[in-house]
Amino acid sequence: MSFRDDSKLDPSQVQDQRGRGGLGRGGIAVGGGGLGVGVIIVLLLLQALGGGGGLGQLSDLQNQTPGSAAAGGNLQDCVTGADANARQDCRIVGYVNSVQGFWTNEFERRGRTYVPAATYFESDQWQTGCGAASTDVGPFYCPADKRVYIDLSFLDELHDRFGATGGSLAQGYVIAHEYGHHVQDLLGTLDQQSNTTGAQGTSVRTELQADCFAGAWVGQMSTQKDENGVPFLQAPTPTQITDALNAAQAVGDDHIQQESGGAVNPETWTHGSSEQRERWFQTGYDQGAGACDTFGVPGGSL
C-alpha cells in the first residue's frame with residue numbers, strides 16, 4: 001500500500017514509548033487482546049494459540065528501515081508520505097492519521113463529534129488502564145483509558161505463524177480494526193460486550209463489527225486527506241484488497257484452532273470464523289460503515 005509522497009503526516013497522534021519501560025501506571029493485570037477487547041476474549045484466544053495470543057505479522061514490509069519496530073525511533077521524522085513508504089513506524093503513523101480522519105468525517109456526517117483515541121507505540125512489557133500488557137498480546141484497544149496500544153514487532157509474525165500472504169494494507173487492516181473498537185466505545189456498543197462466546201455470540205459480533213469498520217475505511221481510504229487537502233493514500237489495488245481479506249481469514253477462530261492442532265469448536269469462538277471475518281470486512285468495503293450492524297443480525301445468520 002503506497003502513500004502519496006507529498007502527503008503530510010501528523011506524528012503528534014502517536015506517543016512513542018518503545019524501549020522506555022512502559023508508562024509506569026498501575027492497574028489490574030487483566031491483559032488486552034489482539035484484535036479484540038475483554039479478559040474472557042483474551043484468555044480464550046490465548047488458550048487457542050497455546051500461550052501466544054493476538055495477531056502477528058502481516059508482511060515483512062520490504063525496503064523498511066531495519067530495527068525500527070522495537071528500537072524507538074524518532075516519530076517526529078515521520079512528516080511525509082515518503083517517510084511512510086520508507087519506514088514501518090511512519091507507515092503506521094500514516095494509517096493512524098487516515099483511520100482517525102475517516103471516523104472524524106463519518107461522525108460529522110451523522111451530526112456527532114469523533115473523539116480521537118490516544119495511540120501508543122510500545123515494546124516488551126508495559127502498563128495500561130486495562131492492566132499489564134506485553135508483545136504477546138498484540139495490538140489492542142483499552143476502553144478503560146481509551147487508548148490504542150501497538151507493538152510494531154508483533155506485526156512480524158502473522159505471515160510465518162498463520163499463513164497470511166502479507167502486504168502493507170493487511171497491516172492497515174489490523175490498525176483499523178482496533179480503532180473500530182474505539183468507535184464502538186464512543187457509540188456505546190462495547191457496553192453490549194459480554195462473556196457470550198460461540199459463532200453467534202456477542203464477543204464474535206463485536207469483533208466482526210470491528211472488521212466491517214476496517215473494511216469501510218479501506219473502501220474510503222483514498223478520499224482521506226491531510227491538513228493541506230492532499231490524499232494520504234493511493235486507491236488500493238485488487239491484490240492489496242486480497243491481502244487484507246487474507247489477513248482477516250488468517251485470524252479466524254477456526255483457522256487458529258486448526259493451526260494450533262486442535263479441533264474446530266464453534267462454541268468457543270470469540271472473534272469469528274475465517275469466512276465470517278472476510279465477509280464482514282467485504283461488507284464494510286462494499287457498503288460502508290452504515291452496513292456494519294452485526295448486533296442486529298438474527299441468530300444463525302451472522
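Read-outs: derived from the displayed coordinates by stated rules, not from any lab. Treat the numbers as computed from the prediction; the structure is a model and nothing was measured. Here the Cβ positions follow ideal geometry from the backbone for every residue, glycine too, while neighbour counts run over all protein chains shown.
Distant-in-sequence amide contacts of T80, defined by a placed amide H-H separation under 5 Å and a gap of 5 or more residues or a different chain, comprise L9.
Length gained on full extension, N228 to V297: 20.8 nm, using 0.36 nm per residue less the C-alpha separation. Fully extending the segment from D124 to D10 would add 38.5 nm, taking 0.36 nm per residue of separation and subtracting the current Cα-Cα distance. Taking the fewest neighbouring Cβ atoms within 10 Å as the starting point, the ordered list for F107, F232, F281 is F107, F232, F281.
Distance from the C-alpha centroid of the stretch 249-302 to that of the stretch 93-122: 24 Å, rounded to the whole angstrom. Note on T283, T104, T197, T206: ascending count of other Cβ atoms within 10 Å places them as T104, T283, T197, T206, the fewest first.
Taking 1.002 mPa s as the viscosity and 20 °C as the temperature, the Stokes-Einstein diffusion coefficient of the stretch 236-290 based on its alpha-carbon Kirkwood radius rounds to 180 µm²/s.
Extension gain, T237 to K146, is 29.5 nm, computed as 0.36 nm per intervening residue step minus the present C-alpha separation. The HN-Hα couplings worked out from phi for the stretch 130-145 by the Karplus form 6.51 cos²θ - 1.76 cosθ + 1.60 (θ = phi - 60°) are 9, x, 6, 9, 8, 4, 4, 6, x, x, 7, 10, 10, x, 5, 10 Hz, whole numbers, x standing for Gly and Pro. Taking only the Cα atoms of the stretch 70-149, the ratio Rg/Rh comes out at 1.02, with Rh defined as the Kirkwood radius. Listed by Cβ neighbour count within 10 Å, with the fewest neighbours leading, D254, D10, D89, D243 appear as D10, D254, D243, D89.
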